[in-house]
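Read through the structure below, which is laid out as structure tokens, and then see the notes.
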Amino acid sequence: VYTPPGYEQSDFEYPVVIVHDGLEYLSFAHTDNIIDYLIYHELIDPVIAVFIPPVNRTEEYYTTDQEDFSTFVSEDIGPWLESKYRTKDEPGSHAVIGSSYGGNISLWFGMGSPEDFGYVGAFSPFIEEDILNYFSNNPAMDLKIYINNGTYDHLDPIHESVEAFLPILDEKEYEYLFEEYPEGHSYGLWRAHIDDALIYFYPFTGAYVGFDEKGSNSIQLFPNPSNGFINIVSETDI
């Protein structure tokens, strides 16, 4: 869990960003440093970020365990986070982001829980048929979507699914931002454009008057003192 600089000295409630493939977004993408930079330079409002590592990535993000995984995040992670941190509770203050299959599950969260997640960021996503069909066959949800793609992405289904998704967003009049870059399917692309998504979702408003941007930020690993992340499991997994 990342808390912004000055969190301990403030009494504000903060928007939340859920990040799939959480450990990789810390170690490869240095997302905590990116958020620090954006806050310091007044490009975004301060946020709390939650980095969630998958256990069975393909199953949780794409195939058999999507429902269980989304339930785990909404019914276990969500209440725990609210009990430990000062977070805002409206959908427009909850974003979820991920890349590749992580982009797919991010869209799944937006599709299945628009009352919980108002913003969805999908980097080079493979978008499954169920999601395409749902967005196509149902009224537009109150979602704001950031999506990008690399022209040298090595997986053709990614290009095909994104190309199928964009006309649906246009037809349903979703608010979205799409960007394409001469990049490949890698954290080089995703790391370079985390700022685009966060600025799109949480542009600086000046609402956090008195926010101490010079205070130290923190990433808290549990248990504490940290030897790694705690495994939070639902009762159905025990």
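The values are calculated or read from the model by the stated rules, or taken from the named source; none is laboratory data. The structure presented is a predicted model; accordingly, all values stated were derived computationally and were not measured. Using ideal geometry, Cβ is built from the backbone for each residue, glycine included, and neighbour counts are taken over all protein chains shown. All accessible areas refer to the heavy atoms of the entire protein, side chains included, with ligands and DNA or RNA removed. Shrake-Rupley method; radii C 1.70, N 1.55, O 1.52, S 1.80 Å.
Per-residue SASA remark: Thr63, around 60 Å² accessible (1.4 Å probe; ligands, DNA and RNA not included). Counting only protein heavy atoms and a 1.4 Å probe, the chain has 47 square angstrom of accessible area per residue.
Can you pull a Stokes-Einstein diffusion coefficient for the chain at 4 °C (1.567 mPa s), Rh from Kirkwood over Cα pairs, as a whole number of µm²/s? Reported coefficient: 72 µm²/s.
Considering only DSSP beta bridges where both residues belong to the chain, give the percentage that are antiparallel (nearest 5). Of all bridge pairs located within the chain, approximately 15 percent are antiparallel. Sequentially through segment 172-177, phi angles give Karplus couplings (6.51, -1.76, 1.60; θ = phi - 60°) of 8, 6, 6, 7, 8, 10 Hz, Gly and Pro residues having no value and appearing as x.
For the chain, carbon and sulfur atoms together expose 49% of the accessible surface, with a 1.4 angstrom probe and every protein chain in place. For Val96, nonlocal amide neighbours, meaning residues 5 or more places apart or on other chains whose placed amide H falls under 5 Å from its own, are Ile18, Tyr119, Val120, Gly121.
The Cα trace of segment 32-71 gives Rg and Dmax of 15.2, 42 Å, the first to one decimal, the second as a whole number.
Seen from every direction in turn and averaged, the convex hull around the alpha carbons of segment 54-104 projects onto 3.9 nm². The calculated 222 nm mean residue ellipticity attributable to helices in the chain amounts to -10000 deg cm²/dmol, summing -39500 (n - 2.57) over DSSP H runs of n ≥ 4 and dividing by all residues.
Number of Lys-Lys pairs in the chain with C-alpha atoms under 26 Å apart and a separation of 8 or more places or on different chains: 4. Translational diffusion coefficient of segment 1-127 at 4 °C, 1.567 mPa s, Stokes-Einstein with Kirkwood Rh over Cα pairs, in µm²/s as a whole number. For the chosen part, D equals 88 µm²/s. When the charge dipole of the chain is built from unit charges on Cβ atoms (+1 for Lys and Arg, -1 for Asp and Glu) and taken about the Cα centre, the candidate among Thr87, Gln9, Pro54 whose Cα reaches farthest toward its positive end is Gln9.
With Kirkwood's inverse mean 1/r over C-alpha pairs for Rh, give me the Rg to Rh ratio of segment 74-162, two decimals please. Rg/Rh for segment 74-162 comes to 1.02. Amide H to amide H distances under 5 Å link Asp45 with Phe204, Thr205, where only residues 5 or more positions off or on other chains count and H is placed in the peptide plane.
Pairwise Cα distances in segment 108-203 exceed 23 Å for 22 percent of all pairs.
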